[in-house]
Amino acid sequence: MSKYSPSLLAVKGLSVSFWDRRSGNFTNVLKNVHLHICAGQTLALTGASGSGKSTIALSIGRLLPPEARLKGDIVFEGKEIQNLAKSELRRIRGRKITYVFQEPMACFNPSIAVGNQILECILLHQKNLKKKAARHCTLDWLEKLQLPDPLRIFRSYPNELSGGMLQRAMLAMALCNGPSLLIADEPTSALDEKSCRAVVGQIQRLRAELSFSMLFVTHNISLAEHLADEIVLLKDGIVRSSPQ
C-alpha cells in the first residue's frame, strides 16, 4: 500500500490530438496516458522535448487551445475536470490547482507591478480578505520565497527583475492561495545554474512545509530523481515506464 493517501488526481486513458491544417487531419499528441498522484506526493513527468509532457500539464487545468480534441478522464478530488462548468473550474484553477511555467516573463503583465498581480490573485480566490490584508499576505509570500527587499519586489515591474527572481515571484503567486496541487512545467529550464538551484531549493523547502502535491514536468532526469517520489517517462505521447 502506498504511503500517500488519499488519491488527489487520476488521469485515465488520456488521448489528445490537434488539427493539422497541412494534412487536413487530427495529429495524435498523447495516446492512452494514465497517471495517478496522491495527496502529499510529487510525481515527475519526464521525456524529450515534444514527447507530450506539457500537453498533459495543460490538459489537467483545461488550458488546451480550442482546436485540441481530448478523450479520457481527468479526476481531481473526486470530480471530473472536463465536466465542470467554467465557473466551478475558475474556483479550482488558481486556488486548488496552480501552475508555474517555464517563462515567467510571459506570464506576468508587463504593465502592472509584480506585487499587484499577486495581490489580485489573492483577492480573486480569497474574497473574504480586504485589500490591505491581501497586500500583507503578498509581502509575506515574497519574504517566504526569500526574495531580497520584498517591498521593492512588490513595487517592481517584471522587466526590472532577473529571471530567477521573477520565477520565485511566480512561485509565490502559485502558492499564495494554498493549492492542493502545484503543476510545475519546466520551471527551471530557462534559468542559469545558480537561479535553478535557488528555485529548486525553494520548491523543496515549501513542499516540506506546506505538504502540497506536485506534478513536476522536466526533461532533466537527474532533477526528476532529485525532486520526485515517483517518475513517469513519456516518449512520443505514450507512457514508456511508470511506477508499479
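Read the figures in this text as sums done on the coordinates, not as results from a lab. The structure presented is a predicted model; accordingly, all values stated were derived computationally and were not measured. Positions of Cβ are generated from backbone atoms using ideal geometry, with glycine treated the same way; all protein chains shown enter the neighbour counts.
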- Say the dipole of the stretch 108-225 comes from +1 at the beta carbon of Lys and Arg and -1 at that of Asp and Glu; which of 134, 112, 178 then lies farthest toward its positive end? 134
- From Cα coordinates alone, what are the radius of gyration and Dmax values for the stretch 101-244 in angstrom? 16.0, 50
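In terms of the Cα gyration tensor, with a ≥ b ≥ c the square roots of its eigenvalues, is the stretch 7-241 rounded because a/c is under 1.5, prolate because a/b exceeds b/c, or oblate?
Values: a/c = 1.68, a/b = 1.49, b/c = 1.12.
Taking the square roots of the gyration eigenvalues as a ≥ b ≥ c, the stretch 7-241 is prolate.
Arranged by the count of other C-beta atoms within 10 angstrom, fewest first, what order do 87, 162 take?
Listed from fewest to most nearby Cβ atoms, that is 87, 162.
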- Query: What residues have an amide H closer than 5 Å to that of residue 26, excluding those fewer than 5 places away on the same chain, when H is modeled at 1.01 Å from N in the peptide plane?
  - Reply: 20
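What is the dipole size for the chain, taken about its Cα centre, with +1 at each Lys and Arg Cβ and -1 at each Asp and Glu Cβ, in debye to the nearest 20? Before the final figure, lay out the partial values.
On the way: 31 positive and 21 negative charges, 149 e Å.
Charge dipole, the chain, about its Cα centre: 720 debye, nearest 20.
Applying 1/(1 + (r/R0)^6) with R0 = 25 Å to the Cβ-Cβ distance of residue 18 and residue 111, what FRET efficiency is obtained, to the nearest 0.05?
On the way: r = 32 Å, r/R0 = 1.27.
Computed FRET efficiency for residue 18 and residue 111 comes out at 0.20.
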- Would you mind checking which residues have amide H under 5 Å from residue 156's amide H? H placed 1.01 Å from N; only 5 or more apart, or other chain. 114, 115
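So how do 101, 18 line up by other beta-carbon neighbours within 10 Å, fewest first?
Numbers: 101 20, 18 14.
Result, fewest neighbours first: 18, 101.
So how much slack lies between residue 162 and residue 39, counting 0.36 nm per residue of separation and subtracting their Cα-Cα distance, in nm?
Working: separation 123, 0.36 × 123 = 44.28 nm, distance 3.30 nm.
Taking residue 162 through residue 39 to full extension adds about 41.0 nm, to one decimal.
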- residue 42's amide H: which non-local residues (gap 5+, or another chain) put their own amide H closer than 5 Å, with H modeled 1.01 Å from N in plane and none for Pro or chain starts? 214, 229, 230
- For residue 189, what is the net charge nearby, where nearby means another residue's Cβ is under 12 Å from its Cβ and Lys, Arg count +1, Asp, Glu -1? -4
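Taking other Cβ within 10 Å of each residue's Cβ, how do 19, 141 sort, fewest first?
Numbers: 19 14, 141 23.
Arranged by neighbour count, lowest to highest, 19, 141 become 19, 141.
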